[in-house]
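In what follows, a single structure is set out as structure tokens and then discussed.
The values are calculated or read from the model by the stated rules, or taken from the named source; none is laboratory data. Model, not experiment: these values are computed from the prediction. Cβ: placed from backbone, ideal geometry, glycine included. Neighbour counts: every protein chain shown.
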Ligand code: ADP
Ligand code: MG
């Protein structure tokens with residue numbers, strides 16, 4: 001079983017039977033669970049785990065940045081539904097090799113991102129780990145009842161859009177793994193060189209909370225999620241949940257100048273990085289073609305929704321078999 005088959009099996013075993021779901025709008029299968037409240041709002045809840053060796057290695061990311069990224073990738077799941085993040089819970093299994101200074105830097109990074117989005121850290125758990133660092137974050141948010149943008153409502157004819165350039169994070173990760181000396185400078189600013197910009201995008205992703213809210217307000221967005229595993233994988237979740245297909249114009253994928261520059265220097269394939277790399281944390285959404293999203297919100301049209309369930313046609317690219325996003329197993 002790969003990761004997503006396992007999750008489907010959990011659902012088949014009755015994780016969300018009709019009795020336990022009677023006070024819940026949406027359980028497993030979206031960026032967040034949706035729980036209606038009597039106040040006319042919905043509570044959104046999501047949880048994510050980051051494991052040393054799988055999601056990061058301690059020699060490639062500093063404590064502050066890791067704390068910030070742990071908050072960001074979770075807040076991003078609230079953004080993915082157009083919600084407003086409100087609270088977080090942080091659980092840590094800490095190996096003894098991480099000293100007090102490291103621990104406090106991590107917490108400072110985590111809290112600084114939380115403060116930026118008015119998210120209160122309300123609890124968690126702290127234990128010792130015999131070996132690797134394990135970080136689990138649960139994040140809560142809110143939105144008007146019935147308005148959260150889910151993955152399962154894409155409609156045939158919708159435009160498929162993303163909120164920003166793709167592949168930067170994957171290129172940054174590749175530079176880090178190759179030990180690129182300039183790219184690995186932890187004090188890099190995104191304005192320095194192309195390599196530093198890409199590494200920064202990998203280490204310090206920014207959750208698109210404002211963008212998600214604007215997309216909710218504009219009314220025509222039918223389906224949305226955040227890009228954590230790469231469009232090639234993430235789009236499949238929207239298609240599968242909605243029972244539709246898509247045509248994606250590979251030549252329209254938005255690529256940053258920095259990514260183009262690096263790919264031409266190194267002979268890397270920018271399309272492969274953009275579609276399969278993941279961790280960009282931009283939003284992927286489908287929108288009624290008659291509705292203009294907020295003019296101030298940057299967005300790029302990359303394709304359209306078709307009637308052929310679960311199929312993706314990559315126009316101008318390789319065959320669909322060749323574009324697989326990230327899967328844990
Ligand atoms: P995301 O990338 O947005 O975090 P995932 O692809 O990790 O979402 O998960 C897809 C869905 O499966 C989510 O609704 C998530 O809550 C659910 N899920 C993942 N793992 C488990 C599990 N072990 N038990 C129950 N639900 C799970
Ligand atoms: Mg998500």
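Kindly indicate whether any position in the stretch 319-327 is under 18 Å from the mean Cα position of the chain (by Cα) and modelled with pLDDT of 95 or more. Within the stretch 319-327, none of the residues are under 18 Å from the mean Cα position of the chain (by Cα) and modelled with pLDDT of 95 or more. Every residue in the stretch 231-265 that is surrounded by fewer than 24 Cβ atoms within 10 Å (Cβ to Cβ), in a helix (DSSP H, G or I) and away from ligand 1 (no atom under 16 Å from the Cβ), please. Answer for the stretch 231-265, where residues must be surrounded by fewer than 24 Cβ atoms within 10 Å (Cβ to Cβ), in a helix (DSSP H, G or I) and away from ligand 1 (no atom under 16 Å from the Cβ): 250, 251, 252, 257, 258, 260, 261, 263, 264, 265. The set of residues in the stretch 211-230 being farther than 14 Å from residue 81 by Cβ and in a helix (DSSP H, G or I) consists of 218 alone. You will find that of 118, 131, the residue that is at positive phi, surrounded by fewer than 21 Cβ atoms within 10 Å (Cβ to Cβ) and either part of a loop (DSSP other than H, G, I, E, B) or in contact with a strand residue (DSSP E or B) (Cβ under 8 Å, 6 or more places away or on another chain) (or both) is 118 and no other.
Yes or no, residue by residue, for (1) surrounded by fewer than 18 Cβ atoms within 10 Å (Cβ to Cβ); (2) within 16 Å of ligand 2 (Cβ to nearest atom); (3) within 15 Å of the chain's Cα centre (by Cα):
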{"position": "7", "(1), (2), (3)": "yes, yes, no"}
{"position": "11", "(1), (2), (3)": "yes, no, no"}
{"position": "17", "(1), (2), (3)": "yes, no, no"}
{"position": "20", "(1), (2), (3)": "yes, no, no"}
{"position": "59", "(1), (2), (3)": "yes, no, no"}
{"position": "67", "(1), (2), (3)": "no, no, no"}
{"position": "78", "(1), (2), (3)": "no, yes, yes"}
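Counting only strands (runs of 3 or more DSSP E) wholly contained in the stretch 1-109, the ones carrying 3 or more residues that are in contact with a helix residue (DSSP H, G or I) (Cβ under 9 Å, 6 or more places away or on another chain), away from ligand 1 (no atom under 13 Å from the Cβ) and on the phi < 0 side of the Ramachandran plot occupy 84-94.
Yes/no matrix, rows are residues, columns are (1) within 13 Å of ligand 2 (Cβ to nearest atom); (2) at pLDDT below 95; (3) touching a strand residue (DSSP E or B) at 6+ places or on another chain (Cβ under 8 Å):
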site	(1), (2), (3)
206	no, no, no
219	no, yes, no
225	yes, no, yes
241	yes, no, yes
251	no, yes, yes
257	no, no, no
260	no, no, no
272	no, yes, no
